[in-house]
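Data block below; observations after.
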Amino acid sequence: MAVSWLAAFKVIPWGDLVDNAPIVVRSAKKLWGFVRGSLAESKSDPHTQDLSTLDARMTYLEQEIGNLKEQGSGAANLISTLAEQNARLIEAVEILRLRTRILLIICGALAIGFIVFAVVILR
């Protein structure tokens, strides 16, 4: 089981992943903006049909625009926070990968040392 995890981690191009993280963040922001725009266009509020005067409609639409701006800024903050956390996770995984490699080297050196010690003792 551990060998399959190690093989999976070796296959992942960590350098490319770290280099492309900003591109992924920008693409996620564009996608989120597109999805939010599509959702806003597809919604139709029944309250707008009940409003008869132009002033009442304008007031209602101004309130809706304010609500949408608040939701958009909240979503943008959430996405940027998630992107920062993702970058930190990638850095942590890179550190763990390096530590694992060092640990494997040390274990290999110890195994070779024990084999040499055993051969010397068994003579």
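The values are calculated or read from the model by the stated rules, or taken from the named source; none is laboratory data. Here the structure is a predicted model, which means the values were calculated and not measured. Every residue, glycine among them, receives a Cβ derived from its backbone with ideal geometry; neighbour counts consider all protein chains shown.
Among residues of segment 35-79 being surrounded by 12 or more Cβ atoms within 10 Å (Cβ to Cβ), among the β-branched types (Val, Ile, Thr) and over 30 Å from Asn20 (Cβ atoms), the one that is modelled with the lowest pLDDT is Thr48.
Residues of segment 80-123 that are of a type in the set (Gly, Ala, Ser) and at pLDDT below 90: Ser80, Ala83, Ala87, Ala92.
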